[in-house]
């Protein structure tokens, strides 16, 4: 979390509160031990088509996919562009500081934020430009329409010219004093830029940053700043103009991004984002209980506690299965119909970073220790 007050105080309080929250979330003394997993079901066939190693992943540098390319950060301040189909390295670039966000790209220009608060634009492995941001950023930059958009930890959205780095506009929405040090939602739906600001999705004009609409997914409640934290967290699920998201620890909801109206919202306690298909939205509670909601109205479709207490991350829906990564490096493929196990995939034993990704026919994950694995159905 970061504090949206004076910057020296914010930095100190952010570090202290982040450490406290992480300790509370990860304490083995307080969290029950998960049950032993049964033998793998193997109800569907998969094969590992390629793997790579880039070294330990820094900060919140989650992997991303754009235009058939995988963008990842690794050790020694390096960022990589990899052919998602073959695993062939297309380019790599060494930054002067570790990445603190994922690498965003439109397939041509890439952009990443470093721990020095520098937004760095990259063209085919070569630095194009860089600018110093006014605040820390944890969300992957959005590269779209020849612009680079950034969501900072002070709930400010900034727009930069994609070729020169000139700042075009900035827009801020005040909220609760704390924000998560976790990737948020920043995406484009048609001609509207959509950002998660506190517990709201906000539609902006990408040309000048003016507000178009705002839809509240969750409201702040509680007796202290931590309990009132309801930031919208990545990833999200989009079908046309229907955008479904999670407000950290509070709710899951769907918004019509054309009209800027809330379709539905449901109380849900999970810390990671959601994914889905045309009919269902999937996610996991903080205790690892998997859930599915009907996309049309938010009614519960099913609940499955088979992976309880396994620190599940955000899911990836792919056809008749949903993929969940966990903190032990396992990828669980479960049925979209009821959450029952279909098969289980192994990596290097370190936590899966971000959500599993889909690139063409390949399911791709990156681990905290830098292993990258791509599977395809047999």
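The values are calculated or read from the model by the stated rules, or taken from the named source; none is laboratory data. Here the structure is a predicted model, which means the values were calculated and not measured. A quick note on method: Cβ atoms are made from the backbone with ideal geometry, for glycine too, and the neighbour counts reach across all protein chains shown.
Numbers below:
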{"item": "One residue from 178, 197 being touching a helix residue (DSSP H, G or I) at 6+ places or on another chain (Cβ under 7 Å), farther than 20 Å from residue 291 by Cβ and at pLDDT below 95", "result": "178"}
{"item": "Single condition residue 114 does not satisfy, out of (1) in contact with a helix residue (DSSP H, G or I) (Cβ under 6 Å, 6 or more places away or on another chain); (2) surrounded by 23 or more Cβ atoms within 10 Å (Cβ to Cβ)", "result": "(1)"}
{"item": "The lone exception for residue 328 - which of (1) more than 15 Å from residue 237 (Cα to Cα); (2) touching a residue at least 24 places away in the same chain (Cβ under 8 Å) it fails", "result": "(2)"}
{"item": "Matching residues, region 316-346, being buried (at least 21 other Cβ atoms within 10 Å of the Cβ) and within 22 Å of residue 82 (Cα to Cα)", "result": "316, 323, 325, 331"}
{"item": "Residue satisfying condition, being in contact with a helix residue (DSSP H, G or I) (Cβ under 9 Å, 6 or more places away or on another chain) and part of a loop (DSSP other than H, G, I, E, B), within set 349, 286", "result": "286"}
{"item": "Failed item in (1) surrounded by fewer than 22 Cβ atoms within 10 Å (Cβ to Cβ); (2) more than 19 Å from residue 242 (Cβ to Cβ); (3) in contact (Cβ under 8 Å) with a residue 60 or more places away in the chain, with residue 161 passing the rest", "result": "(3)"}
{"item": "Scope region 291-306; condition in contact with a strand residue (DSSP E or B) (Cβ under 6 Å, 6 or more places away or on another chain) and more than 16 Å from residue 244 (Cβ to Cβ); matching residues", "result": "302, 303, 304"}
{"item": "Any hit, region 186-196, residues being crowded, with 18+ Cβ neighbours inside 10 Å, within 21 Å of the chain's Cα centre (by Cα) and under 25 Å from residue 78 (Cβ atoms)", "result": "yes"}
{"item": "Search result, residues across region 123-142 that are surrounded by 23 or more Cβ atoms within 10 Å (Cβ to Cβ) and in contact with a strand residue (DSSP E or B) (Cβ under 6 Å, 6 or more places away or on another chain)", "result": "137, 139, 140, 141, 142"}
{"item": "Selected residue (only one of 372, 352, 364 is over 15 Å from the mean Cα position of the chain (by Cα) and buried (at least 18 other Cβ atoms within 10 Å of the Cβ))", "result": "372"}
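This table checks each residue for (1) part of a loop (DSSP other than H, G, I, E, B); (2) without any contact (Cβ under 8 Å) to a residue 12 or more places away in the chain; (3) within 25 Å of residue 236 (Cβ to Cβ).
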| site | (1), (2), (3) |
| --- | --- |
| 110 | no, no, yes |
| 116 | yes, no, no |
| 129 | no, no, no |
| 140 | yes, no, yes |
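Here's the yes/no breakdown for (1) at pLDDT 95 or above; (2) under 26 Å from residue 293 (Cβ atoms); (3) crowded, with 24+ Cβ neighbours inside 10 Å; (4) under 17 Å from the mean Cα position of the chain (by Cα):
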position: 151; (1), (2), (3), (4): yes, yes, yes, yes
position: 169; (1), (2), (3), (4): yes, no, no, no
position: 172; (1), (2), (3), (4): no, no, no, no
position: 201; (1), (2), (3), (4): yes, yes, yes, yes
position: 209; (1), (2), (3), (4): yes, no, no, no
position: 230; (1), (2), (3), (4): no, yes, yes, yes
position: 236; (1), (2), (3), (4): yes, yes, yes, yes
position: 249; (1), (2), (3), (4): no, yes, no, yes
